[in-house]
C-alpha cells in the first residue's frame with residue numbers, strides 16, 4: 001500500500017505537523033477491469049498535396065481559377081491534405097520554380113499541376129516537368145488518358161507523372177471537370193504509390 005506524507009507548518013514556534021494519507025482499501029471480492037479500448041483507425045500520416053494551377057488567363061485575373069477548388073473536393077475522398085496552392089502563368093521558369101520548391105524544400109508527397117498540358121504554343125507544363133523528373137511513371141499517365149468518360153481534352157493531354165526525390169508529380173488538364181476526371185482515374189492508386197516512393201506506411205495503426 002502506498003502512503004503519502006503531507007507536511008504543514010504549525011503556528012509560529014510550534015514546529016511542523018505531519019499528516020499521513022493512506023488510500024482506502026478496496027473491498028474484498030471486488031475486481032475492477034478496464035473496458036477494452038477500440039483499435040485506432042487513424043492513418044499514420046496524411047499525404048500533403050501542393051496544387052499548382054497553370055493558366056495565363058487566371059494569372060492575369062481574366063477569370064477565376066476554379067480548377068483547384070474542384071481538385072480539393074476530389075482529394076477530400078482520400079488521405080490527402082492540401083498544404084499549398086499557387087497560380088502561375090504558362091511560363092516554364094515559373095512552373096519549374098514551384099515544382100522544385102515543393103519537391104526539394106517542402107517535401108510534399110504529392111504535387112498536382114493543372115493546365116498547360118495541351119497542344120497550344122503556350123502549353124509547356126510537360127516539358128518543364130520533364131526537366132525536373134528523376135523517374136517517370138508512364139502507367140499512371142496512361143491510366144488518366146484512358147479513363148472512362150474522359151473528354152477529348154483528357155485524351156489529348158500530354159501530362160506526365162513521375163518522381164523527384166520523395167515527391168510524386170502529376171500533370172493534370174486545366175479544365176475543372178477534365179482535371180477531376182483525370183485525377184479520379186488514379187486516385188485509388190496514389191496512397192500505395194506514395195508508400196512505395198517514401199517508405200512511409202499509410203495503413204491504419206493496429
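The values are calculated or read from the model by the stated rules, or taken from the named source; none is laboratory data. Because the structure is predicted, anything quoted here is derived from the model rather than measured. FYI the Cβ positions are ideal-geometry reconstructions off the backbone, even for glycines, and counts take in every protein chain you see.
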**Item:** Residue that is farthest from residue 187 (Cα to Cα), among those in the range 65-76 that are touching a helix residue (DSSP H, G or I) at 6+ places or on another chain (Cβ under 7 Å) and part of a loop (DSSP other than H, G, I, E, B)
**Value:** 65
**Complete:** The one condition residue 94 fails out of (1) free of Cβ contacts under 8 Å to residues at least 60 places away in the same chain; (2) closer than 28 Å to residue 196 by Cα; (3) in a helix (DSSP H, G or I) is (2)
**Fill in**
The correct count of residues that are more than 20 Å from residue 167 (Cα to Cα) and either touching a residue at least 24 places away in the same chain (Cβ under 8 Å) or under 22 Å from the mean Cα position of the chain (by Cα) (or both) in the range 118-127 is 5
**Asked** Only one of (1) part of a loop (DSSP other than H, G, I, E, B); (2) surrounded by 15 or more Cβ atoms within 10 Å (Cβ to Cβ) fails for residue 121. Which number is that?
**Response** (2)
**Request:** Those residues that are touching a residue at least 60 places away in the same chain (Cβ under 8 Å) and within 17 Å of the chain's Cα centre (by Cα), I need them from the range 189-205; list them, please.
**Result:** 190, 191, 194, 197, 198, 200, 201, 202, 203, 204
**Request:** Spot the failing condition for residue 71; the list is (1) at pLDDT 95 or above; (2) surrounded by fewer than 21 Cβ atoms within 10 Å (Cβ to Cβ), and only one is missed.
**Result:** (2)
